[in-house]
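The values are calculated or read from the model by the stated rules, or taken from the named source; none is laboratory data. Predicted model, so just to flag it, every value in this text is computed and none were measured. Heads up, the Cβs are rebuilt from the backbone with ideal geometry, glycines too, and the neighbour counts pull from every protein chain shown.
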Amino acid sequence: MLIIYNTLTRRKAKFKPIEAGKVRMYVCGPTVYDSSHLGHARSIVAFDVIRRYLEFKGYNVRYIQNFTDIDDKMIKRAQEQSVPTAELASKYIKEYFDDFDQLFVKRATIYPIATEHISEMIEVIQQLIEKGYAYDVNGSVYFRVAKFKGYGKLSGRRQKDLQQEAETPESSEKERPEDFALWKAMKQGEPFWKSPWGKGRPGWHIECSVMSMKYLGTAIDIHGGGLDLVFPHHTNEVAQAEVLTGKRFVHYWVHNGFLTVNKEKMSKSLGNFFTIREITAKFDPEVVRLFLVSSHYRSPVDFSDQHLEEAKIRLSRIHNSIDILQRKLREARGTESLAPVKPTTADEVLWPALEKLREEFEGAMDDDFNTPIALASLNQFLSRLNSVLAENEVVTAGTLMEISSTLDAYGEVLGLYRQRMKAQETAGLDSSVVEGMIELLIEMRESMRARKDWATSDRIRSRLQELGVIIEDSPTGPIWKWK
RNA sequence: GCCGAGGUGGCAGAGUGGCUAUGCGUCAGCCUGCAGAGCUGAUCUAUCAGGGUUCAAAUCCCUGCCUCGGCUCCA
């Protein structure tokens, strides 16, 4: 049974989709005025894992993630660079896909773009005006916050506090200071769209309400985003959507915790601002991903080179275990006949261990996607597996295959080590000339070693390593693998 | 001021009433020509401080101290 923490109720609750077997999920994507940074990675990877686990559970997930391509930041940056906002947007959308493909993030079902939905937004704004929840002034349209009761239910804010907070002198055209813009009248030199209220552009909050309703319907199961979006963005989304439909907009509000860098908030002024591409130039994307799933998605997470170095070591341990497993599996397949084989004592140790892994891994993920515990259970299992395999006991191919396919499924959920497994599965199956030659060299090295010609055998090993082939001497003879 | 999160071993990071989290680091040992990988064990009865509830608290309650985030730019 899957349990999810809901920001709205501030507690965990059993997950029940609107429609059996299906999940409608919407995640707030970035404003595409600059390269994606580590904070985006934190959020996007968190929701990617959630999506993958839902799919693992057998749900058909419709996953929508938007791109905001029109707002103050877009306009400012475009003006600085003297390019149209659309050009800026397409450049960074392309970058976005490059970055997140690297991080093994699965593509969303649809990536709607704000400026491609202007007419729908205008329609929704008009309906809000008709219902009396919005009003136009000087070509702009504002939402009447005071009229929507329950406005602050998501963020825990009260109307009274909001009014005090929102005292900004220049917004005097609004009826009340807490009202927010649905449509902004054009200023000199800004991009614009025609509307019943004159030339202008949509406000930020309306885009997500409109696009999620267009692609997912009036009620959605999961709406995600960073903790910083709770107020005002998501608060305003709820107001817009629920006034419009009269129905509950989002069933589970899910927010990821923030990322700090060396214990400080990541910001350009502090000089600790990192883009994804800066980090993946230094560390393997898979290392970054392991680092991110090592803490719970709602916890704050602190980024530093030291933490990534640790993740790198942990990842290589996982890879090594997988290499050992896959090699044993290839061996077992090679030696076993097609006839049924009796389980060995090692099998009898591994089956309950695998069962325990399944219970713990899936139990952890069922409990609000607790990836650190899921990883802990994986570590425990791999230790057990290594220790059994290190004793060189006979394990049947059936057991090893079962382990392999379970690990494969969990790797798919976390977005880790799948490529490694695939590479290992095919290794040694099609023996090319190159592989034959490597084996020949290893054979020759073995005869050197038998003659205690350490100089020559070490030279073969180190030269092959330079060429990307790693030789490891094990109790059962040398093994080799590509670097 | 208002809203929220949190303070756990050298470090990272779970646990939310009783039961070894896990990992990294360090140290010792096994294996080994060396290296690598792996294994075994130790560090490891750690939980901000002070009170309270309870047979039992890292976990619940109170008080205090401290850290971090949000408050119409933000994942």
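Does A:VAL394 satisfy the condition of being outside any helix (DSSP H, G or I), surrounded by fewer than 18 Cβ atoms within 10 Å (Cβ to Cβ) and among the aliphatic types (A, V, I, L, M)? It is true that A:VAL394 is outside any helix (DSSP H, G or I), surrounded by fewer than 18 Cβ atoms within 10 Å (Cβ to Cβ) and among the aliphatic types (A, V, I, L, M). The set of residues in segment A:132-157 being surrounded by fewer than 10 Cβ atoms within 10 Å (Cβ to Cβ) and either among the hydroxyl-bearing types (Ser, Thr, Tyr) or at pLDDT below 85 (or both) consists of A:LYS149, A:GLY150.
Tell me which strands (runs of 3 or more DSSP E) are completely within segment A:1-62 and hold 1 or more residues being surrounded by fewer than 19 Cβ atoms within 10 Å (Cβ to Cβ), in contact with an Asp or Glu (Cβ under 7 Å, 6 or more places away or on another chain) and on the phi < 0 side of the Ramachandran plot, or say none if there are none.
Details: elements: A:3-6, A:11-14, A:22-27.
Those strands (runs of 3 or more DSSP E) span A:3-6, A:11-14.
The set of residues in segment A:233-260 that are surrounded by 21 or more Cβ atoms within 10 Å (Cβ to Cβ), under 30 Å from A:VAL301 (Cα atoms) and either more than 16 Å from RNA strand B (Cβ to nearest atom) or within 21 Å of the chain's Cα centre (by Cα) (or both) comprises A:HIS234, A:PHE249, A:VAL250, A:TYR252, A:TRP253, A:VAL254, A:HIS255, A:ASN256, A:LEU259.
Restricted to segment A:426-478, and to residues there that are surrounded by 15 or more Cβ atoms within 10 Å (Cβ to Cβ) and in a loop (DSSP other than H, G, I, E, B), the residue that is modelled with the highest pLDDT is A:ALA427.
Considering only residues in segment A:74-90 that are within 25 Å of the chain's Cα centre (by Cα) and crowded, with 16+ Cβ neighbours inside 10 Å, the one that is farthest from A:ILE279 (Cα to Cα) turns out to be A:MET74. Look at segment A:14-28: where a residue is under 17 Å from A:ARG52 (Cβ atoms) and touching a residue at least 24 places away in the same chain (Cβ under 8 Å) and a partner is of a type outside the set (A, V, I, L, M, F, W, C) and assigned to a loop (DSSP other than H, G, I, E, B), sitting 6+ places away or on another chain with Cβ atoms under 6 Å, you get A:VAL23/A:PRO17; A:VAL23/A:TYR59. If the condition is being among the acidic types (Asp, Glu), free of Cβ contacts under 8 Å to residues at least 24 places away in the same chain and more than 8 Å from RNA strand B (Cβ to nearest atom), then segment A:442-483 contributes A:GLU443, A:ASP453, A:GLU466.
Check every one of the strands (runs of 3 or more DSSP E) wholly within segment A:231-308 and list those with 2 or more residues that are within 19 Å of A:LEU8 (Cβ to Cβ) and touching a Pro at 6+ places or on another chain (Cβ under 9 Å).
Values: elements: A:250-256, A:259-261, A:301-303.
Passing ranges: none, list empty.
Evaluate the following for A:LYS149: is it free of Cβ contacts under 8 Å to residues at least 24 places away in the same chain and under 22 Å from A:LEU229 (Cα atoms)? Spelling it out, A:LYS149 is indeed free of Cβ contacts under 8 Å to residues at least 24 places away in the same chain and under 22 Å from A:LEU229 (Cα atoms).
Look at A:LEU416 and say whether it is within 27 Å of A:ASN370 (Cβ to Cβ), within 14 Å of RNA strand B (Cβ to nearest atom) and within 39 Å of the chain's Cα centre (by Cα). So A:LEU416 fits the description; yes. Cβ separations smaller than 6 Å between residues 6+ apart or across chains give the following pairs from segment A:246-258 residues that are in contact (Cβ under 8 Å) with a residue 24 or more places away in the chain to residues that are assigned to a loop (DSSP other than H, G, I, E, B) and within 7 Å of RNA strand B (Cβ to nearest atom): A:GLY257/A:SER299; A:GLY257/A:PRO300; A:PHE258/A:PRO300.
In a residue-by-residue description of segment A:57-75, the property of being within 16 Å of RNA strand B (Cβ to nearest atom) and without any contact (Cβ under 8 Å) to a residue 40 or more places away in the chain applies to at least one position.
Condition check: without any contact (Cβ under 8 Å) to a residue 60 or more places away in the chain and loosely packed, with under 14 Cβ neighbours inside 10 Å. Does A:ALA423 satisfy that? Spelling it out, it is not the case that A:ALA423 is without any contact (Cβ under 8 Å) to a residue 60 or more places away in the chain and loosely packed, with under 14 Cβ neighbours inside 10 Å. Within segment A:357-391, restricting attention to residues that are assigned to a loop (DSSP other than H, G, I, E, B) and within 27 Å of A:ARG289 (Cβ to Cβ), the residue that is farthest from RNA strand B (Cβ to nearest atom) is A:PHE369. Quick one: in segment A:272-293, of everything that is free of Cβ contacts under 8 Å to residues at least 60 places away in the same chain and within 14 Å of RNA strand B (Cβ to nearest atom), which residue is farthest from A:ALA311 (Cα to Cα)? Step by step, filter segment A:272-293, then rank; the result is A:ASN272.
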